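Below: one structure, written as structure tokens.
Since every read-out is calculated from the coordinates, none of them should be taken as a lab result. Since the model is a prediction, treat every value here as computed from it, not as a measurement. When we count neighbours, we look across all protein chains shown, and the Cβ atoms used for this are built from the backbone with ideal geometry, even at glycine.
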Amino acid sequence: MLDGSVDSQTARERQPNHMATRTRSRRAPAPASPVRELVTAALDDMKAVNIKLLDVRGLTDIADTMIIASGTSDRHVRSIAERVVERAKGAGFRPYGVEGARDGEWVLVDLHEVIVHVMLPRVREFYGLERLWEQSEAPAAPVAAPRRRVPRGASS
């Protein structure tokens, strides 16, 4: 001990216990992208209700931002989605896909880095996308250690 080395047991005692819990580091706010700006402007123009932006960077590879908004009727939902697509194309951003425009209860517009969900309020409440993605951002719960299996006939 006089030579400056540290006893290995003492070193283990000093290290914090990092069992099974992991926390995610806080991400810096997503930089304002031109696509996100034009989508929010289109939603505002069409009087979309309850607009929510979710930063999903690090949670999924499919997009950086999800924007969820509501319309007051199926016709309103379709009109909002059409305006988003129209504005995106006008700015040179071609949507990868549009789903649900025929029914108008939930229309999804995929603009690569931004995914837009326009829904009727009852559909939005039923599926709860905000709750789903907010739970994904919460730190993981501690995981219990696996139970050791005891072979049959052996006593513990």
- Give, as ranges by residue number, the residues of the range 48-83 whose backbone N falls under 14 Å from the point 7 Å along Cα→Cβ of Val98. 75-83
- Message: Within a 10 angstrom radius of the beta carbon, how do Ile68, Ile80, Ile51 rank from fewest other beta carbons to most?
- Response: Ile51, Ile68, Ile80
- Task: Report, in debye and to the nearest 20, how large the dipole of the range 34-137 comes out about its Cα centre when Lys and Arg carry +1 and Asp and Glu carry -1 on their Cβ.
- Result: 340 debye
- For the range 100-137 versus the range 35-62, the gap between their alpha-carbon centres in whole angstrom: 11 Å
- Specify whether the C-alpha gyration tensor of the range 34-137 places it in the rounded, prolate or oblate class, a ≥ b ≥ c being the square roots of the eigenvalues: rounded for a/c under 1.5, otherwise prolate if a/b is larger than b/c and oblate if not. oblate
- Note on the structure: Assertion target for Val123, Val114, ordered by fewest C-beta neighbours within 10 angstrom first, is Val123, Val114
